[in-house]
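S.K.: This is the structure I have questions about; it appears just below.
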Amino acid sequence: MPATIGMKGDGFYDDHSSGQRASIESLASWIEAAAAGAHLPTQGRPFVVADYGSSEGRNSVLAMRCVIDSLRRRGATGPVCPIFSDLVTNNFNQLFRNLDEDDVMRHREGGIFPAAVGGSFYTSLLPPGSVHLGMTFNAVVWLDRLPAEPFPEFIVYMGPRSHRADVRIPAATVAAFSQQAANDLIRFLECRAAEIAPGGRLLVAQPARDHERSIGEGLYDLMHDACLALVREKRLDLAAYQRVTMPIYFRSLDEMLAPVDAAGGPLHDRFSVERAEVERFPTPFGAAYARSGDLAAYVDEYVGFAQAFTEPILRAGLEAVHGPQIVPAIYERMKLLLREAPAQYEIEYIQAAVLFARR
Ligand SMILES: C[S@@+](CC[C@H](N)C(=O)[O-])C[C@H]1O[C@@H](n2cnc3c(N)ncnc32)[C@H](O)[C@@H]1O
């Protein structure tokens, strides 16, 4: 069973994922290059482009449209099959509504034939050699499963070095999480290597850490501090909280490249690297706050953004002990703390991206 059931549904993710949308927009030139470089299918056969971890789809449709524009610009006029894939527990109803509301996706006469596939991207999802371009945004940060090594010190693994004096990360935790993340990425790439035809492209982008900082700083500090405040007030049981760990791993660029490393990377014979970078940019709500100074709007958007991807995990971990009121109480406390000390919980989007070519 995967470590997550996906994002908060009912359109909530779509409405609270401006950070992820900005991350995809920042990759427009990468997406275009991937579509421009991918080998085309033989005359008349469809060009298959798959997005792995598409969620409810509003952001994914944006990436797909970028691919279609790029294909049309290079004179590829044949049919295109955009495949949207996510866990079986994903809100596919909203995905299909988004496809129906999009002019390009709805009009089959334009040669666009969208489809969806449910299943974990740590498994095989499509027929061998059938994909010409694979993409994944903000998704392979989710581990297949948490390592057996418990990590009670913080709400998410932030290693290898701790960013807070009050959080200790034992060496055994570092070893267990980095090994799980390494194995998961290899598994993901092995599955894609089988699906992507020789000459195809694979664009992998994920929230990351660079040499100085992790994308998790600020947001997970806020969540952790909010939970500890509720523990102090005896509204949250410490042991129950300590059992909750987000099944997320913020890779460095080096870790993303390790599977294709010439010196022994297991995927080296199947993928070469066309481009690899890590970049930082402000979140849209952080930039808006810097311009307007509207703290109330900032707090709402920041915590909504966090809620969209963390709520299912908090509910699964805490509701059995505390009932349904505990998770809303955490987000309310996050809002309170953020209003009191916005500078302490500032976040920067840090994204690592690699464009692979299938050998
Ligand atoms: C933060 S959302 C990103 C959605 C979209 N790509 C974007 O950038 O806005 C992460 C998505 O990855 C999906 N996901 C997590 N683990 C997965 C797995 N093992 N297999 C397939 N999808 C997974 C989640 O269900 C979720 O929809």
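S.K.: Quick check: is even one residue across segment 31-43 open to solvent by 50 Å² or more (accessible area, probe 1.4 Å) and farther than 26 Å from Gly129 by Cβ?
M.R.: no
S.K.: Okay, moving on. Quick one: in segment 52-97, which of the residues that are in a strand (DSSP E or B) and under 17 Å from Gly118 (Cα atoms) is farthest from the ligand (Cβ to nearest atom)?
M.R.: Of everything passing the filter in segment 52-97, Cys81 is farthest from the ligand (Cβ to nearest atom).
S.K.: Ok, one more. Of all residues in segment 41-68, how many are more than 24 Å from Phe188 (Cβ to Cβ) and either modelled with pLDDT under 95 or in contact with a helix residue (DSSP H, G or I) (Cβ under 8 Å, 6 or more places away or on another chain) (or both)?
M.R.: Going through segment 41-68 one residue at a time, the tally reaches 5.
Conditions tested, residue by residue: (1) within 16 Å of the ligand (Cβ to nearest atom); (2) surrounded by 21 or more Cβ atoms within 10 Å (Cβ to Cβ); (3) in a helix (DSSP H, G or I); (4) modelled with pLDDT of 95 or more.
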position	(1), (2), (3), (4)
Met105	yes, yes, yes, no
Val117	yes, no, no, yes
Ser120	yes, yes, no, yes
Thr123	yes, no, no, yes
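S.K.: Okay, moving on. Quickly run through segment 195-212 and pick out the residues that are out of contact with any Lys or Arg (no Cβ under 6 Å at 6 or more places or on another chain) and either in a strand (DSSP E or B) or surrounded by fewer than 16 Cβ atoms within 10 Å (Cβ to Cβ) (or both).
M.R.: Residues satisfying the conditions are Ala197, Gly199, Arg201, Leu203, Val204, Ala205, Gln206, Pro207, Arg209, His211, Glu212.
S.K.: Among the listed residues Gly317, Gly265, which satisfies the condition of being within 30 Å of Ala194 (Cα to Cα) and over 19 Å from the mean Cα position of the chain (by Cα)?
M.R.: Gly265
S.K.: Here's a follow-up. So, in segment 1-48, of the ones that are part of a helix (DSSP H, G or I), of a type in the set (Gly, Ala, Ser) and more than 16 Å from the ligand (Cβ to nearest atom), which residue ends up farthest from Asn98 (Cα to Cα)?
M.R.: Per the stated criteria, the residue is Gly37.
S.K.: What helices (runs of 4 or more DSSP H), lying completely within segment 243-359, carry at least 3 residues that are touching a Lys or Arg at 6+ places or on another chain (Cβ under 7 Å) and either surrounded by fewer than 18 Cβ atoms within 10 Å (Cβ to Cβ) or among the small types (Gly, Ala, Ser) (or both)?
M.R.: The helices (runs of 4 or more DSSP H) meeting that bar are 295-322.
The values are calculated or read from the model by the stated rules, or taken from the named source; none is laboratory data. Remember, predicted model here, so these are calculated numbers, not experimental data. Here the Cβ is made from the backbone with ideal geometry for all residues, glycine too, and neighbour counts use every protein chain on show. Heavy atoms of the whole protein, side chains included, go into the accessibility calculation; ligands, DNA and RNA do not. Shrake-Rupley method; radii C 1.70, N 1.55, O 1.52, S 1.80 Å.
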